[in-house]
1. Looking only at the stretch B:12-29, count every residue that is at the interface with chain A (Cβ under 7 Å from one of its Cβ atoms), surrounded by fewer than 22 Cβ atoms within 10 Å (Cβ to Cβ) and either at pLDDT 95 or above or within 11 Å of the chain's Cα centre (by Cα) (or both) and tell me the total.
2. Pairs, please: C-beta under 7 Å, at least 6 apart or cross-chain, first residue free of Cβ contacts under 8 Å to residues at least 24 places away in the same chain and in the stretch A:35-59, second among the charged types (D, E, K, R) and surrounded by 24 or more Cβ atoms within 10 Å (Cβ to Cβ)?
3. I'm told A:LEU99 meets every condition in (1) more than 12 Å from chain B (Cβ to nearest Cβ); (2) more than 15 Å from the chain's Cα centre (by Cα); (3) in contact (Cβ under 8 Å) with a residue 24 or more places away in the chain except one. Can you identify the failing condition by its number?
4. When residues of the stretch A:118-133 are filtered for being touching a residue at least 24 places away in the same chain (Cβ under 8 Å) and in a helix (DSSP H, G or I), how many remain?
5. Of the residues A:GLN10, A:GLN69, which is out of contact with any helix residue (DSSP H, G or I) (no Cβ under 7 Å at 6 or more places or on another chain), more than 23 Å from A:GLY134 (Cα to Cα) and more than 8 Å from chain B (Cβ to nearest Cβ)?
6. Looking at A:SER90, is it more than 7 Å from every other protein chain (Cβ to nearest Cβ) and under 19 Å from B:ARG13 (Cβ atoms)?
Amino acid sequence: MDLQETLNLQLAEPVAKALLELYVLLQTTPKACLSYVEGGAYGGGAGLALACDFSIAGRGAQIAFPEIQKGIIPAFIVGLQKVPPALLLSGRPVKPSQLLNASGGETLALTVAEQFLQMEPHAFAATKQLLSQGLRARLEALLPLHIASKTSVEAQQCLKLFLN
Amino acid sequence: MLTIEPIQNNIVRLRLNRPDKKNALNLELIQALIEALQTHPARVCLLQGSGGFFLRGWIFKKHSIYS
């Protein structure tokens, strides 16, 4: 999330609710959702990349969840259940071979996209539904914690340190 | 903010196009992604950043330890 916007407390709740809908949609839509990561994907960006069905790492790809180092609890990311605990608990960045599904350039990303087109749509959609069972309930249960972690006095003070 | 680029039949690239903010998510961008996923007829969506990075969750005025 944009840090300046994160400091806007009035936006915290609508942003959190919209983010919840986006995460649920990515994991339940019958479409295949791929992410192609070039350069850094940090925090919510890393969450978005990994919420997709498949991630392809491009040049300089790096993923990190630095929230814990900033006094923030990455509640939704935990709820996605797609990120190894060691990453969330350390905040340390990892390179693609350690996490993403595949490494390669944009050409590979397009090849993978074409492969998804070959899949039988109903089986694909049904499998996604099964894999995402309970996701909405998990994220809704974590919504208050997600908002509180962004709006707590401690988190706001910590975030302000990085703005000044 | 979100650029929708058809690549070929049934594949669309959803490009996070906010490079001055390191493509950071805000309410408008999240809503644009939701709308594209709900309404675009393509069967495969490729999420991609712009400006040489995917998406930086936090914007730092000073150097981040990850910069």
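1. The number of residues fulfilling the criteria is 1.
2. The qualifying pairs are A:GLY45/B:ARG56.
3. The number of the failed condition is (2).
4. 6
5. Sole residue among the options that is out of contact with any helix residue (DSSP H, G or I) (no Cβ under 7 Å at 6 or more places or on another chain), more than 23 Å from A:GLY134 (Cα to Cα) and more than 8 Å from chain B (Cβ to nearest Cβ): A:GLN10.
6. no
The values are calculated or read from the model by the stated rules, or taken from the named source; none is laboratory data. As the structure is a computational prediction, the values presented were derived from the model and not from experiment. Because the Cβ atoms are built from the backbone with ideal geometry, glycine has one as well, and the counts that use them run over all protein chains shown.
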